[in-house]
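Read the structure below first, then the notes.
The values are calculated or read from the model by the stated rules, or taken from the named source; none is laboratory data. Predicted, not measured: the structure shown is a model, and the values here were computed from it. Glycine gets a Cβ as well: all are built from the backbone with ideal geometry, and neighbour counts include every protein chain shown.
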Amino acid sequence: MTIYVIDDHPLMREAVVMLLRRQRAGADIVELDRLSGLAAAVSQHGEPELFCLDLKLPDTVGVSGVIELKTRYPKTPLAVISAAPADDVEEQCVDAGADIYIEKSSGAAEIGAALRALLVADSGFEELAPTDSKLSKRQKQLIVMLDQGLSNRDIAESLGISEHTVKVHLWRLFRRLGVKSRTQTVHYARTHGLL
């Protein structure tokens, strides 16, 4: 499995690759400066394990790159790492299929933590039994906080973690439960005895 870093700024690509190598020493990481080279890269280097995608590439407009990647590889985690403020485009990216949106201004520790969470996301998403034995302690905390109606910012402050990390934890929880939203998570938790 291969990690693909797609960004037209060489310095940013190198920084993301450096962060990924800290998480996965020896991983096969392929750098691309545009989306159009992906098909050839995949045939040469193998199926993707993770995509790190910049929004502004020479051959993409807005979230078109996200849509293209999720159409081709719907099950592969996708992190958008962009200079655009999250308030402007995060919701569009997530709606288009991105798993997480990370601002380039976030800093190495925060970006690294978000990528690490995506890389270690559970791969087995079997239907859960009515018990919560397959949920982590953090996932159980999140369900309670979602039921309380807390925002990502409130959850981050309560747990002493960044909002990006909250988003990754929520993404993993959604995948674990087979749901797509906070509301569906709370409904699932109530109907399966998790609350």
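Some values worked out for this structure:
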{"item": "Leading residue by the ranking (farthest from residue 116 (Cα to Cα)) among those in segment 38-82 that are acidic (Asp, Glu) and not in a loop (DSSP other than H, G, I, E, B)", "result": "68"}
{"item": "Segment 42-72: number of residues that are surrounded by 17 or more Cβ atoms within 10 Å (Cβ to Cβ) and closer than 17 Å to residue 84 by Cβ", "result": "9"}
{"item": "Inter-residue pairs, beta-carbon under 8 Å, first under 15 Å from residue 80 (Cβ atoms) and in segment 7-36, second among the basic types (Lys, Arg) and part of a loop (DSSP other than H, G, I, E, B), 6+ apart", "result": "8/34; 8/56"}
{"item": "Residue match in segment 9-23 (condition: at pLDDT 95 or above, part of a loop (DSSP other than H, G, I, E, B) and of a type in the set (D, E, K, R))", "result": "no"}
{"item": "Those residues of segment 15-31 which are surrounded by fewer than 13 Cβ atoms within 10 Å (Cβ to Cβ) and more than 23 Å from residue 72 (Cα to Cα), in sequence order", "result": "18, 22, 25, 26"}
{"item": "Residues being of a type outside the set (S, T, N, Q), over 13 Å from residue 99 (Cβ atoms) and assigned to a helix (DSSP H, G or I) - total across segment 138-176", "result": "17"}
{"item": "When residues of segment 177-193 are limited to those that are without any contact (Cβ under 8 Å) to a residue 40 or more places away in the chain and in a loop (DSSP other than H, G, I, E, B), the one surrounded by the most Cβ atoms within 10 Å (Cβ to Cβ)", "result": "179"}
{"item": "In segment 136-154, residue nearest to the chain's Cα centre (by Cα) [restricted to those that are of a type in the set (Lys, Arg) and modelled with pLDDT of 85 or more]", "result": "153"}
{"item": "Of all residues in segment 155-185 being more than 14 Å from the chain's Cα centre (by Cα) and hydrophobic (A, V, I, L, M, F, W, C), the one that is modelled with the lowest pLDDT", "result": "161"}
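For every residue, the table says whether it meets (1) free of Cβ contacts under 8 Å to residues at least 60 places away in the same chain; (2) buried (at least 16 other Cβ atoms within 10 Å of the Cβ).
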| site | (1), (2) |
| --- | --- |
| 40 | yes, no |
| 82 | yes, yes |
| 93 | yes, yes |
| 99 | no, yes |
